[in-house]
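First the structure, in the form of structure tokens, and then the observations on it.
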Amino acid sequence: MRLTFASLLLGAGLLPSLAAAAQPNGPWVNEQQQVSLEGFMSNAQLYDQLASLARRSGGALSLEQTGSSGEGRPIWLARLGKSGNPAVMIITQQHGNEPHGTEAALDLMRKLAAGGAFSTQVLDHLQVIFIPRVNPDGTAQASRGNLDFSAPQTNASCLRTDGSVDPDKLDQGLGANVTAHTSEDGVRRWSYDINRYHWPDWSQSTQITCNPGLADQRHFDPGLNPAPEAQAVRSAYDRYQPMWLVDVHNQNPAVVLDEADAEANRPGRQVTGSITWPTNAAVAPAAVELSKQMALVMKKRSLQLGNMEITNYYYERPDGSIRRGGGEPGIARNAYALLGSRLLASGAEGPLGGSILMEITGLNSRGQKSIGMLRNNVREMLEALLLATADGSLLTQAPAEADRLLRPGQEVDEPLDNPHDE
């Protein structure tokens with residue numbers, strides 16, 4: 001018998017709340033509200049919290065600097081669990097203006113470092129690696145990018161639609177994946193989007209392929225990835241070779257489609273988060289399957305709690321077509337699945353190559369009142385994934401179920417209207 005969304009909530013003791021849940025879910029951002037990041041940790045506050053947690057943990061949590069940002073800020077890695085245990089990795093805030101994941105990661109670190117049943121269940125079997133803020137420079141200015149404003153200012157490349165190189169487009173400084181930042185004085189500038197710079201082979205990136213004559217310039221050096229923050233993550237991945245990696249972001253407003261399967265989501269409600277797996281064709285099938293198993297564990301935990309609407313991070317467009325996640329090798333969810341696939345191909349013992357993009361609804365959708373709820377949503381799903389990995393139940397999930405339970409939502413220009421304003 002297939003369980004419905006309502007029966008899952010009934011089993012979790014949450015069915016009485018469904019009457020209220022039938023209305024569009026708030027809280028809502030209103031026109032008078034100024035959305036602020038003051039509820040989130042600054043770089044200095046995060047560094048202090050990490051140092052304090054390491055001191056108080058009695059050795060359970062260790063810190064190491066895995067790299068430095070372009071402006072010289074430290075990029076910290078926190079590790080819990082015995083070094084001989086299989087590793088898993090959680091990274092957050094590649095985009096400096098997407099802070100919920102960092103807060104959730106710190107909450108999860110505290111719980112693991114405190115001891116108790118959850119900590120024992122996880123750390124007896126795993127070592128858990130956190131990079132809780134990949135982009136400290138962007139965080140300092142609430143910028144998506146890393147503030148290297150010397151980055152080439154275009155997203156174009158020299159590749160034709162069939163993948164071949166157009167010689168007329170070589171050496172034009174093309175191929176950078178950049179993002180805009182508007183400073184307080186209104187000047188619009190461009191810096192690197194770190195999440196496009198995890199190429200397994202930087203020398204094979206479009207930025208290098210398209211600019212062979214510019215190799216003497218820093219941004220086009222085939223031996224040096226110009227995004228040091230991505231280098232820091234890659235360095236940690238190579239050291240620990242984790243079984244899986246989860247990359248936490250914030251997403252734009254979205255709603256559950258009206259024709260959604262009621263077993264998985266409630267039509268018309270705001271999406272609270274989205275999950276997807278690698279979409280590069282060269283990723284090993286075993287790595288894709290592991291990634292889908294990860295997604296299922298997280299999705300099923302959301303159903304148990306009942307206060308989440310978790311969809312796939314593919315979106316339906318107004319014309320009914322589906323915008324699918326990019327397959328570029330430089331995107332983290334693809335890059336680390338490809339690196340895991342290489343390890344498998346070299347004879348390494350799996351499971352390896354699991355890679356998940358996790359997007360949680362951002363401030364523009366729900367405002368400051370939802371900070372606690374959203375960070376808890378992230379933490380709950382990550383906790384479930386850690387427990388399932390530690391006890392082996394992760395590998396009992398049927399990967400094909402991910403395609404059924406995680407269907408696309410629909411991206412919208414604005415959050416749902418507050419019905420109490422009517």
Next item on the list: Calculate the tail of P(r) for the chain: the fraction of all Cα-Cα distances greater than 29 Å, expressed in %.
Entry: 45
Check: What nm distance separates the two modelled labels at Ala262 and Gln172, each placed 7 Å from Cα along Cα→Cβ?
Finding: 5.4
Notebook entry, point to check: Quick one: if you stick a label point 7 Å off each Cα along the C-beta vector at Leu159 and Asp185, how many nm between them?
Noted result: 3.8
Margin query: Need the C-alpha centroid separation for segment 153-185 versus segment 213-249, integer Å.
Written below: 19
Checklist line | For segment 167-226, size of Cβ-based charge dipole, Lys and Arg +1, Asp and Glu -1, in debye | finding: 100
Note to self: Given the C-alpha atoms of segment 213-282, compute the convex hull and give its volume per residue in Å³.
What the structure shows: 199
Note to self: Taking a ≥ b ≥ c as the square roots of the Cα gyration tensor eigenvalues, with a/c under 1.5 meaning rounded and otherwise prolate when a/b beats b/c, else oblate, which class fits segment 268-357?
What the structure shows: oblate
Check: If you take the charge dipole of segment 167-226 about its Cα centre, with +1 on Lys and Arg Cβ and -1 on Asp and Glu Cβ, which of Thr206, Gly175, Gly186 is farthest toward its positive end?
Finding: Gly186
Next item on the list: Obtain the nm distance between the two label points defined at Arg56 and Lys82 by a simple spin-label model: each point lies 7 Å from its Cα along the Cα-to-C-beta direction.
Entry: 2.7
Next item on the list: Using only alpha carbons, build the gyration tensor for segment 167-226 and give me the equivalent ellipsoid semi-axes, biggest first, whole Å.
Entry: 23, 14, 10
Check: If the cut-off is a Cα-Cα distance under 27 Å, which lysines reach Lys111, setting aside same-chain residues fewer than 8 apart in sequence?
Finding: Lys82, Lys292, Lys299, Lys300, Lys369
Check: Hey, in the GNM for the chain with a 10 angstrom Cα cutoff, which one of Thr102, Thr276, Thr154 fluctuates hardest?
Finding: Thr154
Check: Efficiency by 1/(1 + (r/R0)^6): what FRET value for Val412 and Gln304, r their Cβ-Cβ distance, R0 = 25 Å, to the nearest 0.05?
Finding: 0.40
Notebook entry, point to check: With charges only on Cβ, +1 for K and R and -1 for D and E, what is the dipole size of the chain about its Cα centre, in debye, rounded to 20?
Noted result: 1160
Check: Which helices, counted as full DSSP H runs in the chain, have an axial Cα extent of no less than 24 Å and a Kyte-Doolittle average of 0.0 or above?
Finding: 285-305, 371-391
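Find the relative contact order for the chain and round it to a whole percent, using C-alpha pairs within less than 8 Å whose residues are 6+ positions apart.
It comes to 20 percent, rounded to a whole number.
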Checklist line | Ratio Rg/Rh [Cα only; Rh per Kirkwood] for segment 39-124 | finding: 0.96
Check: Any idea what the dipole of segment 138-247 comes to, in debye rounded to 20, about its Cα centre with Lys/Arg Cβ at +1 and Asp/Glu Cβ at -1?
Finding: 160
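Taken together, the values in this text are just the output of simple stated rules run on the coordinates, not laboratory data. Predicted model only: the values in this text are computed from it and were never measured. Using ideal geometry, Cβ is built from the backbone for each residue, glycine included, and neighbour counts are taken over all protein chains shown.
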